[in-house]
Amino acid sequence: MSINKESEVTGDLQIGPTDHGMVRIYVTGDGFELPFDFDPEEAEEIAEELRAAAEAAREIGAGK
């Protein structure tokens, strides 16, 4: 599945610290659970990528 393909799959997203000093992104849905653990530096890189993607999406939306 590409990033632009729509899907009927729904899920929940939780983000928070673990008791081991990691940042967990926890994705759950109908029949699946995906825990992703990142060290704090990796989590900050992901946050920067999210901010950049949000800005790009705003620019795309403003162009319509």
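In this simple spin-label model, placing a label point 7 Å from the Cα along the Cα-to-Cβ direction at both Ser2 and Glu45 gives a separation of 2.6 nm.
Across the chain, the mean sequence separation of Cα contacts (distance under 8 Å, 6 or more residues apart), normalised by length, yields a relative contact order of 20 percent.
3J(HN,Hα) along the stretch 21-31: x, 9, 9, 9, 9, 10, 10, 10, x, 5, x Hz, from the Karplus curve 6.51 cos²θ - 1.76 cosθ + 1.60 with θ = phi - 60°, whole Hz, x for Gly and Pro. When nucleic acids and ligands are ignored and a 1.4 Å probe is applied, Ile25 ends up with an accessible area of around 40 Å².
The values are calculated or read from the model by the stated rules, or taken from the named source; none is laboratory data. Predicted model, so just to flag it, every value in this text is computed and none were measured. Cβ: placed from backbone, ideal geometry, glycine included. Neighbour counts: every protein chain shown. Quick note on the areas: whole protein, heavy atoms, side chains included, nothing else; ligands and nucleic acids left out. Shrake-Rupley method; radii C 1.70, N 1.55, O 1.52, S 1.80 Å.
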